[in-house]
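Below: one structure, written as structure tokens.
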Amino acid sequence: METLKFTLRIMKKRPLRSLLTILQMGLGVWIVAIILSLNFQASGSLDSINQVLGDSLAKISVSKEEQFEGGVGISTTSNLRLSDLERLLESEYIDAAFIYQEQWQLNIMVDGVAYSVSQSAETTSDYAQGMNLELVEGQFFTATDQRQENRVVLISEVIASQLFPNQSPVGRMIELGDYTGGKTEFEIIGVYKPQSPLLEFFMSPAHLIFPLGITQPSWFFEGDYEPTYMSIVIRAKPGQVYEAVADAQVLLADRSLDEMTIRGEYFQDSNRFFSDQICTITLFLGAFAFIAILISAIGILSIMLVSVVERTREVGLRQALGASKGIIIRQVLNESFVFSAFGAVLGLVVAYFTTERLMNLLLLEMTYPRLSNIGGLHPHAAWMSLVLALMMGLIFGFYPALQAAKMPPVEALKDS
């Protein structure tokens, strides 16, 4: 407490210099807190998805590797059927199988007002189980709804809040336009929490989910024609996704065409790609954070050196009155610690209010929109930034403290 009071008195004597020192340390802590929060929040988002889907999700397709101008790629054909879902469920390793058809731009009408929805999808009844879909209200459609072609739809929580603020959308109707200019009504039967945007490389999230085929014109399915699909997503038992894909390759072997065979694409591989992206971002921005905290620490070093020189007489008097070198060193280190603490607190307060917005701007600017909206200041980042600032303050305050302790009392009094 005495050290704090003493340091505050020094700050009052030299307010501008003290303020600049605190601001310098605060700036470094602010930058470090943002970078660490980005790493912790992004890693946490990936971990939360991995815990639910990481080792159990795969996509089955009829495809082959081909050499393209830009390198090796996958060429896929549409040769999977709706009936293949039942065949896949014969495997002891597969818990759920569903088809997921993405639809990008969809025009709907609610209460006479037209809206455009950027992402929607058609799927089968196992989607909710396969993706651990979290329902906020209502229910997911059933296999019966799909067979009977019931005109039902689920909407995301985002769409619900925009179209039906402060009211339940379940039971309400939306109109969907078709290619002839007519409109078809669909009943909203449920509201769900949107899937993480980190799924996008594996499966694009949707804000409207329809039963498979319900938005297609009726003539599309007339006669003996059975629609074909590009892929089927399977949810394996935990830790058995490779066995599940191997079974799928056997069960659907008759769907192979020419050189194209049944292949599996694993969700954990796309997640690994995002992990690499996070590491790249963190390393790139971490260099700036290191420079920022280093400059802040040098600021502490310079201010304490100047302070020691200006207080030569005081140091000499203390030594003449019996103060040991340890006491002198401890006093200077305590002052350095207080400056660092004030700067760290200031930096963390600013980081608390700005981290989320700045992280989103950084990620969008660096073309990583899927990682945006991942949260604000992370508690671990705050603690690590605080500890780092205090350690840097003590380390870079040690040299001025040592210089003060080495000063001979007689020389100090004579110089002053």
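The values are calculated or read from the model by the stated rules, or taken from the named source; none is laboratory data. Not measured: the values here are computed from a predicted model. All Cβ positions, glycine included, derive from the backbone under ideal geometry; neighbour counts span all protein chains shown.
When you go through GLU102, GLU137, GLU90, GLU86 one by one, which is the residue that is under 22 Å from LEU57 (Cβ atoms), surrounded by fewer than 18 Cβ atoms within 10 Å (Cβ to Cβ) and under 26 Å from the mean Cα position of the chain (by Cα)?
The match here is GLU102.
Anything in the stretch 200-225 that is under 19 Å from the mean Cα position of the chain (by Cα) and at pLDDT 75 or above? List them, or say none. Reasoning before the result, please.
As a first pass, look at the stretch 200-225 and keep what is under 19 Å from the mean Cα position of the chain (by Cα): 200-206.
Hits for the stretch 200-225 are PHE202, MET203, SER204, PRO205, ALA206.
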| query | Pick from SER120, SER116: which is surrounded by 19 or more Cβ atoms within 10 Å (Cβ to Cβ) and either hydroxyl-bearing (Ser, Thr, Tyr) or modelled with pLDDT of 95 or more (or both)? | reply | SER120
| Counting only residues that are among the small types (Gly, Ala, Ser) and in contact with a Gly (Cβ under 9 Å, 6 or more places away or on another chain), which one in the stretch 229-278 is farthest from SER125 (Cα to Cα)? | ALA246
| query | Just for strands (runs of 3 or more DSSP E) wholly inside the stretch 62-168: which have at least 2 residues that are under 19 Å from ARG263 (Cα atoms) and free of Cβ contacts under 8 Å to residues at least 24 places away in the same chain? | reply | 71-77
| Say we look at the stretch 255-303 and pick out the residues that are of a type in the set (Val, Ile, Thr) and either assigned to a strand (DSSP E or B) or touching a Cys at 6+ places or on another chain (Cβ under 9 Å) (or both); which of these is nearest to LEU46 (Cα to Cα)? | ILE262
| message | For the stretch 156-173, which positions are within 24 Å of the chain's Cα centre (by Cα) and surrounded by fewer than 18 Cβ atoms within 10 Å (Cβ to Cβ)? | response | GLU157, VAL158, SER161, GLN162
| query | Here are some residues: LEU358, LEU364, LEU377, LEU394. Which one is at pLDDT 85 or above and surrounded by fewer than 20 Cβ atoms within 10 Å (Cβ to Cβ)? | reply | LEU394
